[in-house]
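The values are calculated or read from the model by the stated rules, or taken from the named source; none is laboratory data. It should be emphasised that the depicted structure is a prediction, and the values quoted were computed from it without experimental measurement. Neighbour counts run over all protein chains shown; Cβ positions are idealised from the backbone, glycine included.
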Amino acid sequence: MSIILISFLITAACYNDGFQKALFFYDGSCDEGSVSQVNTALHLLINVFSTLVLASSNFFMQVLNSFSREEINTAHLKGSWLEIGIPSIQNIPHVSKFKTWCWMILLISSIPIHLLFNSAIFEMDHRESSFSLTIASEEFSKRGSYYPVGASLLLPGNNFSSIYFEKTLEQYSDETSNIVQSISAIAVNSHEWERLQTMECQQEYLSCSGLRRHRNIVVVAEKPGGWIRDQMWQFDGKQTELWDRYVNPNGPNHLFYHDQCKMSAEKFEPGSISCTNSCEKYLPPEVDLNGLVDVSNWSYTFNHDFDPFSTYYTGLKSGAFDLSNVYCLAEPLDGKCYIALLPTLLMGVAVCVIIKTCTAIIITRVLIRRNQTPLVTLGDTIASFLENSDPITAGLCTLGQHDVRMILADKDNPLISGATQWLPSRKPRAAVVPGSEWLTSYLLFALSIAVCAVCLGMAHLSGAEFSGGSFLQTDRNPFIQDSFTLFGGIIATNSPQLLLSLYYLAYNSLFTRLQMAREWASFLEEYRPLRVTDPKGEQFATYRLQLPYKYSVPLIIVSICLHWLLSNAIYLFVSIGGYYEELTRGALSDPTLPPNTTVNVGFSMYALWTMMVVLCVLTVFPIHLSLELLPLNMVNIGSNSFALSAACHASRLSNATEFSRHTSTRKPTLSKRLSNILKVPFRSIKGLYSPVRETGLEAGSGDIEVRDLMASRESSARQSQASDRLISNQAQEDIDEGVEQTLFKNLARSKIRWGVVRMHPEWCTEFGHESVVGHLSFGVREENVQRPVPGRLYA
C-alpha cells in the first residue's frame with residue numbers, strides 16, 4: 001500500500017508541477033454519468049484500501065494490547081486483571097512503555113486516514129452561469145437583416161432614467177461595442193447551434209440549475225418577414241427622431257430582443273436551492289411537462305414590465321408583443337466534469353501509511369528479540385497457564401469474572417482460596433459481556449443512528465423529497481446550508497467516518513467476546529485441542545486474531561460497505577463555472593482550486609436512509625447472538641485473565657501414577673508439592689486450604705488472604721530460597737519438577753477438556769472434610785474428565 005501511494009504521489013508531482021494545486025486526471029460529459037461512475041468506483045476502492053490498512057493497523061494494535069506472561073503475572077500480583085483476546089484500555093497501564101507508545105502511534109496515524117483519504121479524490125461539477133438570450137425570427141440565423149436595438153426597442157436593465165437609457169442606447173450604434181459584436185456573432189453562428197424543442201428549452205433554462213449542456217440561446221419566433229417598427233409603435237415627433245437613428249421605421253427587422261442573462265444559486269438550504277434567472281420572464285412560459293399540451297407551436301405574450309407612458313415609449317400597438325415560439329437554437333457548451341486529486345491530502349495519507357508500516361516492522365523485530373510472545377488468543381493464554389500456573393490464583397477454580405470484578409474492586413473484602421460449593425446457574429452468552437461494555441457499545445450505536453436521523457430530519461423539515469435526490473453523489477441531492485472552504489468541507493464530510501470506525505470497533509469487540517464464550521464453553525462439551533498462534537502437538541493454527549473467518553470476513557466486508565455508503569451519504573461537493581459563486585462571495589479563494597469554485601457538503605437521503613436501516617439491523621444482531629444459553633456447569637470467565645488463570649491450574653497430583661513411572665519410588669509429600677506450586681513454604685500459606693463449611697465460604701482463623709500473599713511475594717521468594725537449601729533431596733526434586741513441566745507441556749499440546757479431574761487421596765485429607773473435595777481444571781481423555789456436580793466442593 002505504501003508503494004502504491006508513493007507511486008501516485010510521484011506521478012501527481014510530475015504531471016502537476018508540484019503538490020500545491022489539484023490534479024485533474026479524468027474528465028467526461030457531466031450528463032453521460034461516466035464521471036460519477038468512475039468517482040463512485042474510485043471511492044469504493046479507496047474504502048477497500050483504507051479498511052485493509054486500518055485492519056492491519058488494528059491487528060498490530062491488538063497484539064500490542066495483548067500481554068506477555070511476565071506482564072500478566074505482574075498485573076495479578078498487583079491485584080488486577082487483564083482482558084484476553086480483545087483490545088481494551090484496561091490493558092494499557094499493564095503493558096510496557098514500548099508497547100504503549102507504539103499503540104499510540106498506530107492510533108494517531110489512523111485519524112488522518114479517516115479524515116483525508118476519502119476526500120483525496122473528488123468529483124468536480126461544472127455549470128456555467130452567464131448566457132445571452134436572443135429572440136428573433138427564423139431568418140435571423142440565415143443572414144436576414146436586423147438592427148441591434150431589436151424590434152422590441154427594449155434595452156436590458158429596465159432603467160428608464162434619461163442618463164442611463166441614452167448612454168446605453170448609444171452602444172447599439174457603435175459597431176465595436178460588446179453588445180453589437182455579441183449580436184453579430186450570434187447572427188453568424190447560430191445556424192450551427194443545436195435545435196431544441198420548446199419543452200427541452202424550458203427544462204434547461206427555466207429549471208435554473210445552471211448551464212451544463214448549452215450556453216447562449218436564440219428563441220425562434222414565428223414571424224415571416226420580420227418585424228416592422230411602424231407596425232408596432234406609434235411615436236410622436238421627438239420619439240420618431242430618436243428611434244430613426246437606430247431602427248428603420250419601415251425596414252424588416254428579424255431581431256426582436258437581446259440581453260445578457262445570468263442564472264445563479266443565491267443560497268443553500270437543506271433540501272432546496274434558491275436560484276435567480278435574470279431573463280426568466282423573456283423565455284417561453286412553462287408548459288405541461290407530461291406532454292398533455294402540444295408545444296410545437298406555443299404562443300405567449302412577451303412580458304416586460306415598463307411604463308408605456310415613458311418618455312421613450314408611447315403608442316405600443318395591440319398584439320405587437322404577442323409571439324409564437326417555434327423552437328430554440330442553443331449553443332453547445334463543452335462542459336466537462338472532472339475527477340481531481342489533491343496531492344497534499346494524498347501525501348498526508350501516504351505519510352501515515354508509511355509510519356504504520358515502519359512501526360509494524362519495529363514491533364515485529366523488538367518483540368522477537370525480547371522473546372516476549374504476546375498472548376493474543378484464548379488458546380495462547382490457556383496454554384501458558386497450563387504449562388506454568390500462576391500461584392496467585394491457586395485454589396480459586398470456581399471463580400468467575402463477575403466474582404473477580406466484585407472482590408478485587410473491594411479492598412475490604414478478602415479474597416480467600418479454598419474449597420467452594422459448586423452452585424451452577426445457566427446463563428445466556430450475554431453474561432460474558434460486562435454491563436459497562438453493553439452500555440458503552442449501545443450508547444455509541446445509538447449516537448451513530450441519531451446522527452443519520454438528524455440529517456434526515458433536517459432534510460424533511462426543509463421540504464426535501466426522495467424524488468429530488470439520488471442515492472449517490474449528485475447535485476440533485478440537498479446541501480448543508482452555507483458554503484465551506486475546501487479544508488472545512490473535508491473535515492465536515494469525513495468526521496462521521498471516525499464515529500463509524502468507533503461503531504465498528506465496539507461492534508467487533510462484542511462479537512469477539514461472544515465468540516470467545518462459545519470457544520470456552522466448547523471445552524466443557526468435548527475434548528479438543530487449543531487454538532494458538534504457534535501450534536505444537538495437536539494444537540491447530542489460529543485464524544486472524546480471535547474471530548473465526550465466518551465472522552471476521554463478513555465484518556470486514558460490512559465495514560467497507562458502511563464506509564463507502566457514508567462517503568455517498570455525506571460527501572464533498574465541488575463546482576466550477578460561476579453558478580454557485582454568489583455563495584462564496586467575500587470568502588477567501590482556495591489556491592489549490594480554479595477560480596469561481598464553490599465547495600459545499602451534500603447528503604443523499606437515499607443513502608442516509610439505507611445506512612440507518614443497516615445500522616439498526618446490525619445493532620440488533622449481537623442481542624440475538626447473546627440470547628444463546630451457555631452450558632450449565634461452566635464457569636463464566638468472560639475475557640478476564642484472573643478468572644482464566646484460576647481455571648487453568650493443572651493438577652500435579654492427578655498425574656501421580658504417570659509421574660511415578662519417570663521418578664524414584666520416593667514421592668514428595670503434598671506439602672512439598674504445594675510448596676513447589678506456589679514457590680513459597682507450605683507452612684506460610686496453610687490457610688489457603690483450610691476447611692470451609694458446605695453452606696458457604698467462611699474460612700478458618702488460620703486463613704491468609706491472597707492479597708496479603710501478593711504484597712509479600714518477594715520476601716516469600718527469598719524465604720523459599722532459604723528453605724530450599726534445607727531440603728536434602730533438592731537435586732531429586734529439581735529432576736521431578738523438570739519431568740512435571742514436560743508433562744504440563746504435553747497436556748497443553750493435547751486434546752483437553754475442562755471439568756473435574758481425578759486427584760490423589762492426599763488431596764482430600766488436607767481440607768479436613770468428610771466429603772470429597774474435587775478440583776476443576778483441564779485434563780486429557782485418559783483422566784476421564786467429568787462435569788462438575790452441583791453441591792459438591794471444589795478447590
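Kindly evaluate I637 against the criterion of being within 28 Å of F523 (Cα to Cα), crowded, with 16+ Cβ neighbours inside 10 Å and over 17 Å from the mean Cα position of the chain (by Cα). Here the answer is yes, as I637 does meet what is asked. Can you confirm whether E70 is out of contact with any helix residue (DSSP H, G or I) (no Cβ under 8 Å at 6 or more places or on another chain), closer than 25 Å to R365 by Cβ and among the acidic types (D, E)? Taking the combined requirement at face value, the residue satisfies it. If you check T610, T592 for being over 30 Å from G755 (Cα atoms) and not in a helix (DSSP H, G or I), only one passes: T592.
Quick grid of which residues meet (1) outside the structural domain of L423 (by TED's automatic domain parsing); (2) part of a helix (DSSP H, G or I); (3) more than 28 Å from D534 (Cβ to Cβ); (4) modelled with pLDDT of 85 or more:
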{"residue": "S728", "(1), (2), (3), (4)": "yes, no, yes, no"}
{"residue": "D734", "(1), (2), (3), (4)": "yes, yes, no, no"}
{"residue": "N746", "(1), (2), (3), (4)": "yes, yes, no, no"}
{"residue": "S750", "(1), (2), (3), (4)": "yes, no, no, yes"}
{"residue": "G755", "(1), (2), (3), (4)": "yes, no, no, yes"}
{"residue": "C764", "(1), (2), (3), (4)": "yes, yes, yes, no"}
{"residue": "G768", "(1), (2), (3), (4)": "yes, no, yes, no"}
{"residue": "L776", "(1), (2), (3), (4)": "yes, no, no, yes"}
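Only one of the listed residues (S36, S56, S29) is modelled with pLDDT under 85, assigned by TED's automatic domain parsing to the domain that holds W103 and within 18 Å of N568 (Cβ to Cβ). That residue is S36. Within segment 82-98, is even one residue polar (S, T, N, Q), part of a helix (DSSP H, G or I) and more than 23 Å from H402 (Cα to Cα)? Looking through segment 82-98, none of the residues is polar (S, T, N, Q), part of a helix (DSSP H, G or I) and more than 23 Å from H402 (Cα to Cα).
Take the conditions (1) in contact with a Lys or Arg (Cβ under 7 Å, 6 or more places away or on another chain); (2) at pLDDT below 85; L588 misses just one of them, which is (1). Against the test of being in contact with a Gly (Cβ under 8 Å, 6 or more places away or on another chain) and under 20 Å from N58 (Cβ atoms), the options T359, T364, T377 yield a single qualifying residue, T377.
Inspection of segment 210-225 identifies at least one residue that is more than 60 Å from the chain's Cα centre (by Cα) and surrounded by 13 or more Cβ atoms within 10 Å (Cβ to Cβ).
Cβ separations smaller than 8 Å between residues 6+ apart or across chains give the following pairs from segment 364-387 residues that are on the phi < 0 side of the Ramachandran plot to residues that are of a type in the set (F, W, Y) and in a helix (DSSP H, G or I): V366/F98; L378/W520; L386/F744; E387/F744. Across segment 498-543, the qualifying residues are those that are touching a strand residue (DSSP E or B) at 6+ places or on another chain (Cβ under 7 Å), in a helix (DSSP H, G or I) and of a type in the set (A, V, I, L, M, F, W, C), and the one among them that is surrounded by the most Cβ atoms within 10 Å (Cβ to Cβ) is F523.
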